[in-house]
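Only one structure is covered here, and it is reproduced in the block below.
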């Protein structure tokens, strides 16, 4: 049975599910894991979120999937990823995140 990524809404084919990292649990309140709700994301979406947003931004502003989908920083990425079947992508941490770590 395929799995749906909560962010990009792509279906992850069942044959990829045995890969333990193809679908990843994302904590909507980073650094507060014990009380954080979680969503299942495909590996590329999870990597992209953490490359574009600091944990503080995720916790304070982008703490729901709906808010993440509305984020300007993710718009181009989401338009692109929805049109591909890639489950591995190269991601570089943005200067925005790098400067705040």
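What follows is calculated from the coordinates using simple rules that are stated; it is not laboratory data. Predicted model only: the values in this text are computed from it and were never measured. Please note: Cβ atoms are built from the backbone with ideal geometry, for glycine as well, and neighbour counts cover all protein chains shown.
Quick look at the values:
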{"read-out": "Every residue from the stretch 49-80 that is farther than 26 Å from residue 32 by Cα and in contact with a helix residue (DSSP H, G or I) (Cβ under 6 Å, 6 or more places away or on another chain)", "value": "77"}
{"read-out": "Residue, surrounded by the fewest Cβ atoms within 10 Å (Cβ to Cβ), within the stretch 10-37, restricted to residues that are under 11 Å from the mean Cα position of the chain (by Cα) and in contact (Cβ under 8 Å) with a residue 12 or more places away in the chain", "value": "25"}
{"read-out": "Any hit, the stretch 53-70, residues being closer than 15 Å to residue 88 by Cβ and either surrounded by 17 or more Cβ atoms within 10 Å (Cβ to Cβ) or more than 10 Å from the chain's Cα centre (by Cα) (or both)", "value": "no"}
{"read-out": "Output for the stretch 71-88, where each listed residue is more than 13 Å from residue 8 (Cα to Cα), surrounded by fewer than 16 Cβ atoms within 10 Å (Cβ to Cβ) and within 14 Å of the chain's Cα centre (by Cα)", "value": "88"}
